[in-house]
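The values are calculated or read from the model by the stated rules, or taken from the named source; none is laboratory data. Bear in mind that the values here come from a model prediction, so they are computed numbers and not experimental data. Virtual Cβ from ideal backbone geometry, glycine too; neighbours counted across all protein chains shown.
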Amino acid sequence: MNAHFRRMAERLWPDTLFGRLTMILLSGLVAAHVLAFVLIALDRLAIEDELGNKFAAVDIADAVAILDYVEPEERPAWLDRISRLNWRYVLGDGGEIEAQPSSKRLQANIARLRAVLGPAHDANFVHFDPPTRLRRGILIHLKDGSPLTLEIFPPRKIVSLWLPAALAVQLCIIALFVWVAVKLATQPLARLERAANSLGSDLRGEPLPEDGPQEVARAATAFNAMQRRIAEQVAERIQILAAISHDLQTPITRMRLRADFLGDSDAKEKLQCDLQEMQALVKQGLAVVREYNDIGPPSAAHVAVEASREPS
């Protein structure tokens, strides 16, 4: 299981730094945003539940006062008027009385209702399905002793249509800002990559701009210093190559003159062939010097160019 989960995580984990930073930042911000959203929603629901319970206790007390006031034969006509969306009134009793509610929340609600009703009325929770106890109601006795049952319906959680849309818009805004932030953070790395790729073929390229954040500026400064050091070292070697190529031309010329006095022989032909090969190598060295004559400081470049212009 662990190996399978690890392989799946490796497949989902991006290969690029841009993708990894985007995933980490976006996941963290989305998790924090959703957590804050859930906590605010739960707090709001708790407040609404508390206020709703207080309103329900007052409304039930008013309904009981109305039924106490009217004549018994008039009470059935008032039941639909005083009923609400989440509960309705039924004349009569039924169900199993719950002596002690199971939760502190229910205990607080029934205590609040008893306090609002006053000592002339009692109120107790009843269950209409004793085995399962899924349907709950409240049994109240009016002043004349008539039972009144309050059937409670499960509350319906209604979520506004604009709420998921607002959350989706917020998450899109977070994703956009994360993309912009990661793009700005990784852009100097891409620029450094392009400069490093072109460094091998062109040591005379423009240096990187040493601006931006401190970390990026320091990296650009270090890269430019490395480029200058490499250029100076190459220029130094070009100087050596130019000096050697220049100095070899004099002994090659003397050897050619001496070979001309040898007369016709196999040794003369072999010596002239060797001298031609040496002259070709010297010319190749001078060609390299001319190609890289502007690398490094001006003094080194000047020496290399002047050496390469010497007559062969």
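Restricting MET23, MET8 to those that are at pLDDT below 85 and either at positive phi or in contact with a Leu (Cβ under 9 Å, 6 or more places away or on another chain) (or both) reduces the list to MET23. When ILE40 is tested against (1) closer than 19 Å to VAL178 by Cβ; (2) part of a helix (DSSP H, G or I), exactly one condition is not met: (1).
Among the residues of segment 247-287, which ones are more than 28 Å from ARG237 (Cα to Cα), in a helix (DSSP H, G or I) and among the small types (Gly, Ala, Ser)? Once the filter is applied, which keeps residues that are more than 28 Å from ARG237 (Cα to Cα), in a helix (DSSP H, G or I) and among the small types (Gly, Ala, Ser), segment 247-287 yields ALA259, ALA267. Being out of contact with any Phe, Trp or Tyr (no Cβ under 9 Å at 6 or more places or on another chain) and of a type in the set (A, V, I, L, M, F, W, C) is the filter here; which residues of segment 207-240 pass it? Across segment 207-240, the qualifying residues are VAL216, ALA217, ALA219, ALA220, ALA222, PHE223, ALA225, MET226, ILE230, ALA231, ILE240. Go over the candidates THR16, THR22 one by one and state the one that is out of contact with any Cys (no Cβ under 7 Å at 6 or more places or on another chain), in contact (Cβ under 8 Å) with a residue 40 or more places away in the chain and either among the polar types (S, T, N, Q) or surrounded by 10 or more Cβ atoms within 10 Å (Cβ to Cβ) (or both). Result: THR22 is the single residue among THR16, THR22 that is out of contact with any Cys (no Cβ under 7 Å at 6 or more places or on another chain), in contact (Cβ under 8 Å) with a residue 40 or more places away in the chain and either among the polar types (S, T, N, Q) or surrounded by 10 or more Cβ atoms within 10 Å (Cβ to Cβ) (or both). Applying the criterion of being surrounded by 15 or more Cβ atoms within 10 Å (Cβ to Cβ) and either of a type in the set (D, E, K, R) or touching a Lys or Arg at 6+ places or on another chain (Cβ under 8 Å) (or both) to the residues of segment 199-231, the residue that is modelled with the highest pLDDT is ALA231. Answer with yes or no whether LEU208 is touching a Pro at 6+ places or on another chain (Cβ under 9 Å), more than 30 Å from GLY28 (Cα to Cα) and outside any helix (DSSP H, G or I). So LEU208 passes the test. Taking segment 100-113 as the range and being of a type outside the set (Val, Ile, Thr) and surrounded by 16 or more Cβ atoms within 10 Å (Cβ to Cβ) as the test, the residues that pass are PRO101, ASN109, ARG112, LEU113. Under the condition of being among the β-branched types (Val, Ile, Thr) and modelled with pLDDT of 85 or more, the residues counted in segment 127-166 number 3.
Any chance you could count how many residues in segment 113-154 are in a strand (DSSP E or B) and among the acidic types (Asp, Glu)? Count: 1. Residues that are within 59 Å of the chain's Cα centre (by Cα) and among the polar types (S, T, N, Q) were ranked within segment 238-292; the one that is surrounded by the fewest Cβ atoms within 10 Å (Cβ to Cβ) is GLN284. Got a sec? Which of ILE110, ILE60 is more than 42 Å from the chain's Cα centre (by Cα), closer than 20 Å to PHE153 by Cα and either touching a residue at least 60 places away in the same chain (Cβ under 8 Å) or not in a helix (DSSP H, G or I) (or both)? Being more than 42 Å from the chain's Cα centre (by Cα), closer than 20 Å to PHE153 by Cα and either touching a residue at least 60 places away in the same chain (Cβ under 8 Å) or not in a helix (DSSP H, G or I) (or both) holds for just one of ILE110, ILE60, which is ILE60.
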